[in-house]
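Okay, so here's the structure we're looking at.
Read-outs throughout are calculated quantities, based only on the coordinates presented, and are distinct from any laboratory measurement. All of these numbers come straight from a predicted model, not from anything done at the bench. Because the Cβ atoms are built from the backbone with ideal geometry, glycine has one as well, and the counts that use them run over all protein chains shown.
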Amino acid sequence: MPHIPNSHEALQGALQDATQRITELEIKASFAEDLLDKLDQIVIRQQTQINALISEVLHLRQQASEPQAPGQRNLRDELPPHY
């Protein structure tokens with residue numbers, strides 16, 4: 001004759017299943033939190049790089065718009081003639 005679980009055994013089994021599912025969800029949440037922290041650090045690093053590049057572009061634009069002193073050479077003036 002097969003064993004028929006009583007209500008206590010059924011409740012115990014459901015509790016174990018719920019506990020296992022909660023544990024798995026906690027593990028997934030932990031991995032997601034770790035990934036979020038890593039992505040946050042990447043975004044911070046990229047923003048720092050973007051800010052540095054913007055600063056460099058602004059500096060180069062300023063240099064390009066300033067008239068050159070007479071003693072400075074402009075490489076465009078020294079281009080060889082085309083044949």
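Treat the count of other C-beta atoms within 10 Å as a stand-in for reagent exposure and order His82, His8 from fewest to most.
In order of increasing Cβ crowding within 10 Å: His82, His8.
I need the calculated FRET efficiency for the pair His82 and Val57, taking r as the beta carbon distance and R₀ as 35 Å, to the nearest 0.05.
Approximately 0.65, to the nearest 0.05.
Over the Cα atoms of segment 15-67, how large are the radius of gyration and the largest Cα-Cα distance (Dmax), in Å?
23.0, 80
State the extension gain, in nm to one decimal, for the chain segment bounded by Leu39 and Ala14, taking 0.36 nm per residue of separation less the distance between their alpha-carbons.
So the chain would gain 5.3 nm between Leu39 and Ala14.
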